1. Go through the residues of region 24-37 one by one and say whether even a single one is under 26 Å from residue 81 (Cβ atoms) and modelled with pLDDT of 90 or more.
2. For region 64-95: of the residues being more than 15 Å from residue 42 (Cβ to Cβ) and assigned to a helix (DSSP H, G or I), which is modelled with the highest pLDDT?
3. Please verify whether residue 58 is over 21 Å from residue 74 (Cα atoms) and at pLDDT 90 or above, treating the condition exactly as stated.
4. Which residues, counting only those in region 54-68, are over 19 Å from residue 26 (Cβ atoms), touching a helix residue (DSSP H, G or I) at 6+ places or on another chain (Cβ under 7 Å) and surrounded by fewer than 19 Cβ atoms within 10 Å (Cβ to Cβ)?
């Protein structure tokens, strides 16, 4: 197997695993923590862009996947910013 064919198969394995993970989360009734689905979709979009680029697809297809990854990344960040962050209580310094 050539290096190019191996890279294509590795991309396909990552895509298949990610899609199975996404379907598993969606069929459980709840999708896990906020931002998980957009995070997975961003990763799937990036892996698909890589797969299409390595496979010789047109630039527009790769660009569409990269735009989808960017949009999902923004949705992921938005969900993370809305989530309250637990911080440890401040300690008073002794004087």
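The values are calculated or read from the model by the stated rules, or taken from the named source; none is laboratory data. Just so it is clear, the structure is predicted and the values come from calculations on it, not from any experiment. As a convention, Cβ positions derive from the backbone with ideal geometry for all residues, glycine included, and neighbour counts pool all protein chains shown.
1. There is no residue in region 24-37 that is under 26 Å from residue 81 (Cβ atoms) and modelled with pLDDT of 90 or more.
2. Taking region 64-95 and keeping what is more than 15 Å from residue 42 (Cβ to Cβ), we get 81-95.
Retained after the next criterion (residues that are assigned to a helix (DSSP H, G or I)): 81-82.
Numbers: 81: 80, 82: 71.
Result: 81.
3. Working: over 21 Å from residue 74 (Cα atoms): yes; at pLDDT 90 or above: yes.
In short, yes.
4. So the first thing to find is which residues in region 54-68 are over 19 Å from residue 26 (Cβ atoms), and the list is 54-67.
From what is left, the residues that are touching a helix residue (DSSP H, G or I) at 6+ places or on another chain (Cβ under 7 Å) are 54-55, 61-62, 65-66.
Scanning region 54-68 gives 54, 55, 61, 62, 66.
Listed here are the residues, each with its yes/no results for (1) surrounded by 13 or more Cβ atoms within 10 Å (Cβ to Cβ); (2) in contact (Cβ under 8 Å) with a residue 24 or more places away in the chain; (3) under 10 Å from the mean Cα position of the chain (by Cα); (4) in a helix (DSSP H, G or I).
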residue: 1; (1), (2), (3), (4): no, no, no, no
residue: 5; (1), (2), (3), (4): no, no, no, yes
residue: 9; (1), (2), (3), (4): no, no, no, yes
residue: 15; (1), (2), (3), (4): yes, yes, no, yes
residue: 20; (1), (2), (3), (4): no, no, no, yes
residue: 37; (1), (2), (3), (4): yes, no, yes, yes
residue: 44; (1), (2), (3), (4): yes, yes, yes, yes
residue: 52; (1), (2), (3), (4): yes, no, no, yes
